[in-house]
1. Starting from residues that are outside any helix (DSSP H, G or I) and surrounded by 15 or more Cβ atoms within 10 Å (Cβ to Cβ), keep the ones in region 126-158 and report whichever is farthest from the chain's Cα centre (by Cα).
2. Between N30, N105, N99, which is touching a residue at least 24 places away in the same chain (Cβ under 8 Å) and outside any helix (DSSP H, G or I)?
3. Inside region 12-46, can you point out the residues that are of a type in the set (G, A, S) and either within 25 Å of the chain's Cα centre (by Cα) or at pLDDT below 85 (or both)?
4. Looking at the structure I just gave you, is L83 modelled with pLDDT of 95 or more and buried (at least 24 other Cβ atoms within 10 Å of the Cβ)?
5. Pick out the one residue from N49, N99, N88, N72 that is of a type outside the set (A, V, I, L, M) and under 14 Å from the mean Cα position of the chain (by Cα).
6. Consider region 93-126. How many of its residues are among the aromatic types (F, W, Y) and under 19 Å from R55 (Cβ atoms)?
7. Given the criteria surrounded by fewer than 17 Cβ atoms within 10 Å (Cβ to Cβ) and assigned to a loop (DSSP other than H, G, I, E, B), does G111 qualify?
8. Part of a helix (DSSP H, G or I), touching a Ser or Thr at 6+ places or on another chain (Cβ under 7 Å), on the phi < 0 side of the Ramachandran plot and touching a residue at least 40 places away in the same chain (Cβ under 8 Å), is that true of F91?
Amino acid sequence: MLDTCSFSRPSLRAQRAWLLSRAYDKCEVNVADDSLIMQAVKYYKRTHNQTMYLRSLYCLGRVQLNAGDTYNAMMSFEQTADLARKRNDWFWLGLSSRNLADIYNNAYCIGKAVQSQEEAVNAFSQSGDSLYLVYAQVGLARAYHDYGETAARDSLLSSMFKLPLKDSLLVGEIHETQARAFYFRRYPLYEEAYQHYMLCPREILDVSDWCNLLVILSGMGKAQDHYTLSLLNQISRIASNSDDWFINTPETIKPRCPPLKRS
């Protein structure tokens, strides 16, 4: 619909660029470059519209990240975080910090990933966005686990289990995170995670959710059964249209290293 409209003013063109870029990100449509969202970034910076400039910077980071330009995405998220701190804009600080944490985690900078996840948790606590807060806490618990902060991880997971959550997928991720944490003690939470994943409509599961389900099944000792092999083939078909995943054989299943859910 936006493409059929005529945008004669720079302000309208900037708004269109921001809306389209956000829509592409939400629908996981990867674009080749950042030329579209840069229209909005430059306009809002020139007109000193700090609110929209901050949002455009975040969107720029998402576009760059989806295009595989990790370095510039990190720079954009850091600029977004700096501006959000100055403006006490907790929601956008939380979003940018979560993305920075994922980048640091993928680069094996676990200490920085923990710091960014902690900032995301604090930001969403300040903003009052309860669902975003729990997802950030799950990410922080995984970062604590990877960093060896077992006491902090267990305390955080314990507090999350007391929350009255109705999102089955989110509850499944919490159970899966604790199951991974207690893997060597044979903690029976993979079955709990599996049951919650099974409550979710299949159409809302993305590639990372299917991968987590595969890890859960592996943790339940079903890495080689017929259902798991069928699931692996299904994930491979989904992933064939994405640059984010490369999965080949059941031997790649590693119960203690499930993929992180994307922001």
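The values are calculated or read from the model by the stated rules, or taken from the named source; none is laboratory data. None of these values were measured; they are calculated from a predicted model. Using ideal geometry, Cβ is built from the backbone for each residue, glycine included, and neighbour counts are taken over all protein chains shown.
1. If we take residues in region 126-158 being outside any helix (DSSP H, G or I) and surrounded by 15 or more Cβ atoms within 10 Å (Cβ to Cβ), then E149 is farthest from the chain's Cα centre (by Cα).
2. N30
3. A17, S21, A23, A32, S35, A40
4. no
5. Result of the check over N49, N99, N88, N72: N99.
6. The qualifying residues number 1.
7. Numbers: surrounded by fewer than 17 Cβ atoms within 10 Å (Cβ to Cβ): yes; assigned to a loop (DSSP other than H, G, I, E, B): no.
So G111 fails the test.
8. yes
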